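Read the structure below first, then the notes.
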């Protein structure tokens, strides 16, 4: 296995984690809420793909996007009363929603995992020079880059994107200018959902075994990435997600086969080191003295 | 007295049970400029935030063009034609000057004529055009104040609330800001001007109320602008 091979795989996984992290960051930006139940969006998408296994691809994709978007908008409604509460209340509530949804999945589908077969042909490998790369890796890189760029463009160029950025920087002033909190929050959930649904499709190709804790297991490292990157800025949160995915893939390749069980240990050791050196996050920056007299 | 744009009747505001404003009654007629001065903590900013629907009144009422604002959200009040230039400007330092102005457009009732209004504020404050692609945070304090006023004006308000536009600015810069405000007033915009530095407000406004300890103490006319003894006395509760 060459270094390049490892890098390509790591970039692909990094981009998928970046998508998940960006979704968490988008919602946090406008609502100051860390949505622990973000993973259940992925789980919902994965079960939607599972239930439409035998149907045409288009139906499966529509079901996945539909389920994730519907659940995200429902979460927005449930979280609405939290806007005026403390961060602790928010955090505990999103935890509760996460566990509730996992329990619902457990009741509905049972604890045993089932395999999603959608787009499994993407697991075939293609040779590029000396490299043997699975199609899903290439598609993940392409789709990941596309979605990150598209989201950046929406935030930079559209009116609602500008309002989201303003609300994330200074919610009170945004409100005083007439920005509707409900509009930007709903749009953030919508954007996060679309991106999560795309990530789900690509993730289920690589990890087809769907269980009630499918998304939860993915979101924990993504959340760690968000914190490592820096929660207060969308770019740093997304980069943090990328870094965690990238590090996971690299460690998975570098560690000897019998050392793989220590992957999480190695990863969290890395996280502790990063936070010791840069408590504000790897990509967080010290605030410039903006206020001028 | 022209017909009333803003009426505040017996307003009481409390923070955690402690009164910040008590029994405040005042009226701003259409096209008028009314000043509200007083020492720090007198309740001036709280009054403006109550008009914007950010602080719920404990007692009393606020009427805009005769209609009570009680229970209306800030976003709706903005769209009824009220714009606030907040204390310390609160521009978005990381956004460009142009993006800051675009955010001002959010509160418009209609996008018709928006580009004319953008041209108009650019004529009034050339910096918003000259520096449009720069981060607002790199502007000087005076330029940031101009941007904050321009951002409020592009919402095309009928009533402009200004919270300490002179704060932190050198006197020469303040003169420039007030020259621009004179043009805004000439354009028919009603203004409620809050100032800690009373001399700026008293000379500019048609009437200036002195607020101390949450209560109205005195009303001054432009003729009193030179009478610093009277202003000082009102501040210190004579």
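Just so it is clear, none of the values below were taken in a lab; they were calculated from the coordinates. Nothing here was measured: the structure is a model prediction, and the numbers come from that model. Note: ideal-geometry Cβ built from the backbone for every residue, glycine included; neighbour counts use all protein chains shown.
Where does each of A:180, A:80 land when they are ranked from fewest to most other beta-carbon atoms within 10 angstrom?
On the way: A:180 20, A:80 14.
Ranking A:180, A:80 by Cβ neighbours within 10 Å, fewest first, gives A:80, A:180.
What is the distance in Å between the Cα centres of the range A:119-154 and the range B:175-195? Taking the Cα centre of the range B:175-195 as reference, the centre of the range A:119-154 is 58 Å away.
For the pair residue A:89 and residue A:6, label points projected 7 Å from Cα toward Cβ lie 4.9 nm apart. Going by Cα centres, the range A:1-34 and the range A:237-275 are how many Å apart? If you average the Cα positions of each part, the centres end up 13 Å apart.
When Rg and the Kirkwood Rh are both derived from Cα coordinates, the Rg/Rh ratio for the range B:41-88 amounts to 0.94. Mean projected area of the convex hull spanned by the Cα atoms of the range A:3-277, taken over all viewing directions: 15.6 nm².
Would you mind computing Rg(Cα) / (2.2 N^0.38 Å) for the range B:154-238, counting N as its residues?
Numbers: Rg = 13.3 Å, N = 85, 2.2 N^0.38 = 11.9 Å.
Compactness ratio reported: 1.12.
How high is the FRET efficiency from residue A:32 to residue B:221, r the C-beta distance, R0 35 Å, rounded to 0.05?
Details: r = 47 Å, r/R0 = 1.34.
Calculated transfer efficiency: 0.15.
Label sites at residue A:104 and residue B:115, each approximated as a point 7 angstrom past Cα along Cα to Cβ, lie 4.8 nm apart.
Relative contact order of the range A:68-151, taken over Cα pairs closer than 8 Å and 6 or more residues apart, is 11 percent. Both radii come from the Cα set of the range B:126-184: Rg as radius of gyration, Rh as Kirkwood radius; their ratio Rg/Rh reads 0.94. Quotient of the Cα radius of gyration of the protein assembly as shown and 2.2 N^0.38 Å, N being its number of residues: 1.17. The mean of 1/r over all pairs of different alpha-carbon atoms in the range A:173-293, once inverted, gives a Kirkwood hydrodynamic radius of 16.9 Å. Taking every C-alpha pair closer than 8 Å and separated by at least 6 residues, the mean separation divided by the residue count of the range A:1-92 gives a relative contact order of 25 percent. For chain A, the longest principal axis of the alpha carbon atoms and the long axis of helix A:159-169 meet at an angle near 80°.
Please compute the length gained on full extension between residue A:112 and residue A:217, using 0.36 nm multiplied by the number of residues separating them and subtracting their Cα-Cα distance. Show your work: numbers first, answer last.
Working: separation 105, 0.36 × 105 = 37.80 nm, distance 1.54 nm.
Fully extending the segment from residue A:112 to residue A:217 adds 36.3 nm.
What shape does the range A:107-187 take by its C-alpha gyration tensor, where a ≥ b ≥ c are the square roots of the eigenvalues and a/c under 1.5 counts as rounded, a/b above b/c as prolate, and the rest as oblate? Here the range A:107-187 falls in the oblate category. Note on the range B:95-233: the alpha carbon radius of gyration divided by the globular reference 2.2 N^0.38 Å gives 1.13. The label point for residue B:175 and the one for residue B:230, both projected 7 Å from the Cα toward the Cβ, are 2.5 nm apart.
Suppose a student asked you for the relative contact order of chain A, using Cα pairs under 8 Å spaced at least 6 residues apart; what percent would you report? This gives 35 percent for chain A.
Compute the angle between helix B:114-124 and the longest alpha-carbon principal axis of chain B, please, reported from 0 to 90 degrees and rounded to the nearest 10. Compared with the principal axis, the helix lies near 80 degrees. Taking the Kirkwood radius as Rh and the Cα radius of gyration as Rg, the range B:1-95 has a ratio of Rg/Rh equal to 0.97. Helix A:263-277 axis versus longest C-alpha principal axis of chain A: approximately 30°, rounded to the nearest ten.
Quick one: order B:154, A:228, A:92 by neighbouring beta-carbon count within 10 Å, fewest to most.
Details: B:154 25, A:228 28, A:92 14.
By the 10 Å Cβ count, ascending, the order reads A:92, B:154, A:228.
Taken over the alpha carbons of chain B as equal point scatterers, the Debye sum produces base-10 log I(q)/I(0) values at 0.09, 0.14 Å⁻¹ of -0.36, -0.89.
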